[in-house]
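Report on one structure; see the data block that follows.
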Amino acid sequence: MNTVTSPVSLEFYGEGTLSAMLAAMEPHADKSLVIEYGGRTIQSGYHVTEVKAGSFVTLDCGGNPDQWHETILQVEDLPSESGRDFMKVSKFRGILTQVANQIELDAGARLTFEVGTPDTPMQVFDVSALAIESHRIVLALVARLAICKPRHRAAKEAVAVSCCGSAAKSAGCCP
């Protein structure tokens, strides 16, 4: 009996962490790691050029303080040398293990990718999803948008109120 298996997709919705991504990749060490960003597939010669562990303390435009940790992977999009295939998941995880032996990486930190070709400015991306296919893993990145945090928070609160306000409760959409 032949069975067709569809790829498994893990959604991160731009909120990926280093530990969640590495845990999802762990059983797939022998697969190729393909990265999709900005409407394109990265070239098979891509190179992880730098891993940064950042701690940020900020004040937004509304005067609200914020703080968080971030792990930033800088990736250079390069063509393959001598026709080699995409980096294996095991090599990618090995790079991050080597970095973690030298600097402290917060496993729960927000995960950010800075990606670009040598002739274009790099762009900032968040992890959108991880698709696990038969011979490869596809890491889908989504561009990080600039936002006004107070306006963004207010919009989220307005949605919550419209969903769970008194009229919505009588309509039966909220517990």
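Below, the figures for the structure above:
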read-out: Relative contact order [Cα under 8 Å, 6+ residues apart], the range 28-150, whole percent; value: 33
read-out: Net +/- balance of residues flanking L145 in space, Cβ distance below 13 Å, scoring K and R +1, D and E -1; value: +2
read-out: For the range 56-69, Karplus couplings with θ = phi - 60° (6.51, -1.76, 1.60), whole Hz, Gly/Pro x; value: 10, 10, 9, 10, 7, 5, x, x, 8, x, 8, 7, 6, 10
read-out: Calculated FRET efficiency for the pair T49/K156, C-beta based, R₀ 30 Å, to 0.05; value: 0.30
read-out: Sequence-distant residues sharing a close amide H with G38 (under 5 Å, placed H); value: A143
read-out: Residue order, fewest to most surrounding Cβ atoms within 10 angstrom, among S9, S128; value: S9, S128
read-out: ³J(HN,Hα) computed for each position of the range 21-33 - Karplus, 6.51 cos²θ - 1.76 cosθ + 1.60, integer Hz, glycine/proline x; value: 5, 5, 5, 5, 7, 3, x, 10, 4, 8, 8, 6, 9
read-out: Net charge, E50 excluded, C-beta distance under 13 Å - Lys, Arg +1, Asp, Glu -1; value: -1
read-out: Integer Hz, Karplus 6.51/-1.76/1.60 couplings in order for the range 43-50, x for Gly and Pro; value: 6, 5, x, 4, 9, 7, 8, 6
read-out: (i) 16.5; (ii) 18.4; (iii) 15.5, with the label sought being that of the calculated Kirkwood radius over Cα pairs in Å; value: (ii)
read-out: Structure-based [θ]222 nm, the chain - -39500 (n - 2.57) summed over DSSP H runs of at least 4, per residue, nearest 500; value: -7500 deg cm²/dmol
read-out: Fewest-first ranking of D60, D126, using other Cβ atoms within 10 Å as the exposure measure; value: D60, D126
read-out: Under 12 Å, Cβ to Cβ, from P118 - net charge with Lys/Arg +1 and Asp/Glu -1; value: -3
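FYI, it's all coordinate maths here, none of it is from the lab. Keep in mind that what you see is a predicted model, and the values were worked out from it rather than measured. All Cβ positions, even for glycine, are placed from backbone atoms using ideal geometry, and neighbour counts span all protein chains on display.
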